[in-house]
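For reference, the structure is listed below as structure tokens.
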Amino acid sequence: MADWTIDDAERLYRVKRWGGGYFEIGDNGNLHITPVPGNPQVRIDFKSVIEEMKQEGIQFPVVVRFHDILRSQVAELNQTFRNQIEEAEYQGKYMGVYPVKVNQMREVVEEIVDAGAPFDYGLEAGSKAELLTVLAFNTNESALTILNGYKDEEFMRLALLGRKLGRKIIVVVEKYSELLSLVRISKELEIDPIIGLRSKMTVKGRGKWESSGGDRAKFGLTIAEIINAARYLEQQGLAHTLKLLHFHIGSQLVDIRSVKDAVAEGGRIYAELRKMGVDLEFVDVGGGLGIDYDGTQSTSDSSRNYSMQEYVADVVYGMKEVCDLEGVPHPNLVSESGRAITAHHSCVVAQIVGEIKNSTVQFDTSEEEDEHVFVRNMRGLVSSLEEDGDNLQEIFNDASQWKEQAIDAFKLRVISLSELAKIETFYWQLMTYLHRKIKEVEFVPEELQELQYDLSSQYLCNFSVFQSAADTWAIDQVLPVVPLIRMNEKPTVNCSLVDITCDSDGKIDQFVGENGVADVLPIHPLKPGEDYFIGLFLTGAYQDVMGDMHNLFGRLNEVHIFSDDDDPEDFYIEEVVTGSSVSNVLSIMQYNPSAMAQDVKRIIDKHVAAGSIKPREGVKWTDFYEDCLHGYTYLKTSK
Ligand SMILES: *Cc1c(COP(=O)(O)O)cnc(C)c1O
């Protein structure tokens, strides 16, 4: 394999570009994880993780969580803000919060709270259920709790309960009427709230979430409403409770210019309000810090044209500049970065269970008497390739036309099924020939360029796009997919991935490619008897929690990995969380699995009584049905 190096693999899969420093291709061709940026000694070989999962009998697909990555990201964001604040001689502090909607899994929230404790890093909630969670989990009295989203009275009462418990809990008013009920309930309960106002921004973020900003944004107060709100609170003797100005112009901001613009606009509003005598202490810049999913470092929808460092610098220096010009104090800065904290920490490991390929089907094409002319034409085209095979476009045109005509002829009962099979076989032989030839020529006609895709394989992957990569289906999000092993071998198969749902949308055909996004993934030929694993990366933000049960494929088994420098493999599996069983998903859909098992048993018993099933067999079938009910929803691949 001298003609293929790890550098070639890196150029192809761009692991370093999207890996955020946590992933790289090892010399042995396996994917390696370096979860602690300051300590490259800690290096986990993904193959060892897979081996250990197999030994423990954990069925694939599996979500693998690297808790160290989560901790590293929390530290990195907080440390970056601290460093910039110090460098800029900024007078306020950074008091970030993690928005739990991005990944609400208890273990994730617990780990973030724990890693954030030294920084007084807080939590953000956007619904009543999330608020109930953060009330129980964000117990650090110095950290903020920020409440966004539409709120009813119960929500406000819960927030005031938080105040009673000594929490710095800030209710962000999204809609003017919320302010009125908040004031009324606070007076009734005699508890002072801490209030934030969300501003509707004129700046729109670019990218998939641009409608979070602008006049038609769903959330936020207009400038007039903000001024009225401040006046109203003053009249009510509650001016001292208005502490925070909030804005959020969308997730995955692809262009740093929208961040700069938003900070400039938000900074101005803050400064004017200060000058009007409103004693604001915090400016909350919302979420939006993007992830470079496709490794292009561009303004494509799955990328961003800036780094975390640059984002933080623009927030800190941008706010400082506005405040200094206006002569108002620097506010404490809050950000609600969720994607940037969680995306890297988890991935999905799935097994390739088969290959679907049209062009390799073999069918006997020997010549027969009174064959239809279409069959003869196609055979003639194939045999003329030797001396007359250079006019690629002409061969393509003839082959395509005859194939189409043959299908029509078949429908009109002019040619037989086996004749059509011959024509198909010849057609794919011709396309394979063309595909080989176009690699040698300089100019490739447009239609022939698509052959790359048409002739690629489909690798059947034991997972569900709808459960594990919802955004690749919903919004064409690119997620990096790479083999976890054999990257020291030249990948010779171009493929796209199809999942095991019976939905034709259940596929991935956008990949991180050498020159931007590609529609096929170069990957390795499957070896009989050998498992082949791929990893779907950067699934820790949103994907982990937004999946659905299409086709009743349920939640995945999960393993939680911690690094340990003293361990020979540098890691240990701290916890295994079992995914959904068939009976779990059926129960959610209102079935009663044990009643179903009884019903099936009763029917089997009847057959036994009637003699059509032997008693011994009947017991086996009954047990088998029950085992399947309690089993995993995905394909069983390991013996
Ligand atoms: C979704 C959301 C966030 C999180 O945004 P990310 O881009 O994931 O960091 C933050 N704040 C609000 C108000 C949100 O709705």
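Projecting the Cα atoms of Gly631, Gly354, Ile195 onto the dipole axis of the chain, where Lys and Arg carry +1 and Asp and Glu carry -1 at the beta carbon, places Ile195 farthest toward the positive end.
What the Kirkwood sum gives for the range 491-639 is a hydrodynamic radius of 19.6 Å, with every pair of different alpha carbons counted. Sparse packing (at most 12 other Cβ atoms within 10 Å of the Cβ) combined with a DSSP loop state is found for the following trypsin sites (Lys or Arg not before Pro) in the range 155-255: Arg216, Lys218.
For the range 525-630, the share of accessible area belonging to carbon and sulfur comes to 55 percent (1.4 Å probe, ligands and nucleic acids excluded). Legend: distances between Cα atoms for Lys151/Lys200; Lys507/Lys527; Lys204/Lys320; pairs beyond 20 Å are Lys507/Lys527; Lys204/Lys320. As a length-normalised measure over Cα pairs under 8 Å and 6 or more apart, the relative contact order of the range 468-598 settles at 23 percent. The GluC sites (Glu not before Pro) of the range 143-244 meeting both criteria, a DSSP state outside H, G, I, E and B (loop) and at most 11 other C-beta atoms within 10 angstrom of the site's C-beta, are Glu190. Separation of the range 4-63 and the range 581-639 by C-alpha centroid, Å? Computed from Cα coordinates, the inter-centre distance equals 40 Å. The residues of the chain expose on average 45 square angstrom of accessible surface per residue, using a 1.4 Å probe on protein heavy atoms. The three principal axes of the Cα atoms in the range 122-249 give end-to-end lengths of 40, 35, 24 Å, sorted in falling order. Computed from backbone phi, the HN-Hα couplings of the range 279-284 come to 8, 5, 10, 10, 10, 10 Hz, rounded to whole numbers (Karplus: 6.51 cos²θ - 1.76 cosθ + 1.60, θ = phi - 60°; Gly and Pro given as x). Taking the helices alone, the chain has a mean residue ellipticity at 222 nm of -12500 deg cm²/dmol, built from -39,500 (n - 2.57) per DSSP H run of at least 4 residues and averaged over all its residues. Hydrodynamic radius of the range 406-534 by the Kirkwood approach over all distinct alpha-carbon pairs: 17.2 Å. Model label sites at Ala88 and Tyr572, defined 7 Å from Cα along the beta-carbon direction, differ in position by 4.3 nm. Computed from point charges on the beta carbon alone (+1 for Lys and Arg, -1 for Asp and Glu), the dipole magnitude for the range 594-639 about its Cα centre is near 160 Debye. Amide H neighbours of Cys495 under 5 Å, counting only residues 5+ apart in sequence or on other chains, H built in-plane at 1.01 Å? Amide H neighbours of Cys495: Ser457, Leu521, Ile523. Rounded to whole numbers, the Karplus 3J(HN,Hα) couplings from phi for the range 546-559 are 9, x, 10, 9, 2, 6, 6, 7, x, 5, 7, 4, 10, 10 Hz, using 6.51 cos²θ - 1.76 cosθ + 1.60 with θ = phi - 60°, and x at Gly and Pro. Taking GluC sites (Glu not before Pro) across the range 424-486, the ones in a DSSP loop with at most 12 further Cβ atoms lying within 10 angstrom of their Cβ are Glu440, Glu442, Glu450. A straight chain from Leu526 to Ser366 at 0.36 nm per residue would run longer than the Cα-Cα distance by 54.6 nm.
Distance from the C-alpha centroid of the range 231-296 to that of the range 456-515: 38 Å, rounded to the whole angstrom. Determine, from the Cβ-Cβ distance of Arg157 and His240 and an R0 of 25 Å, the FRET efficiency 1/(1 + (r/R0)^6), rounded to the nearest 0.05. The formula returns an efficiency of 0.75 here.
Between amide H atoms placed 1.01 Å from N, distances below 5 Å from Asp284 occur with Leu245, His246, Phe247, Val334, all of them 5 or more places distant or on a separate chain. Think of the range 389-431 as a dipole: +1 on every Lys or Arg Cβ, -1 on every Asp or Glu Cβ, centred on the Cα centre; then among Trp428, Ile395, Val414, Val414 lies furthest on the positive end. Computed from backbone phi, the HN-Hα couplings of the range 623-631 come to 5, 4, 4, 5, 4, 5, 4, 8, x Hz, rounded to whole numbers (Karplus: 6.51 cos²θ - 1.76 cosθ + 1.60, θ = phi - 60°; Gly and Pro given as x). The residue list Gln590, Phe537, Tyr572 was ranked by how far each Cα lies along the charge dipole of the range 483-623 toward its positive end, using unit charges on Cβ atoms, and Gln590 comes out on top. The calculated Kirkwood hydrodynamic radius for the chain is 28.2 Å, given to one decimal from all distinct C-alpha pairs. For Glu355, the residues whose modelled amide H falls within less than 5 Å of its own, excluding neighbours fewer than 5 places apart on the same chain, are Leu460.
Taking all C-alpha pairs of the range 349-435, those more than 21 Å from each other amount to 33 percent.
Note on Lys275 and Leu165: the extension gain reaches 36.3 nm, defined as 0.36 nm multiplied by sequence separation minus the Cα-Cα distance.
What the Cα atoms of the range 193-345 give is an Rg and a Dmax of 15.8, 53 Å. As a calculated quantity, the FRET efficiency between Glu141 and Gln79 at R0 = 22 Å, using C-beta atoms, amounts to about 0.45.
With a cut-off of 13 Å on the backbone N, no residue of the range 461-494 is near the modelled label site 7 Å out from Gln590 along Cα-Cβ.
Pairwise alpha-carbon distances in the range 257-329 exceed 20 Å for 37% of all pairs.
Label-to-label distance for Glu326 and Lys357 is 6.4 nm, based on points extended 7 Å past Cα in the beta-carbon direction.
Simple point charges give the picture: +1 on the Cβ of Lys and Arg, -1 on the Cβ of Asp and Glu, and for the chain a dipole about the Cα centre of about 2500 debye.
The values are calculated or read from the model by the stated rules, or taken from the named source; none is laboratory data. From a predicted model like this one, the values you see are computed outputs, not experimental measurements. FYI the Cβ positions are ideal-geometry reconstructions off the backbone, even for glycines, and counts take in every protein chain you see. Note: areas computed on protein heavy atoms with side chains; ligands, DNA, RNA excluded. Shrake-Rupley method; radii C 1.70, N 1.55, O 1.52, S 1.80 Å.
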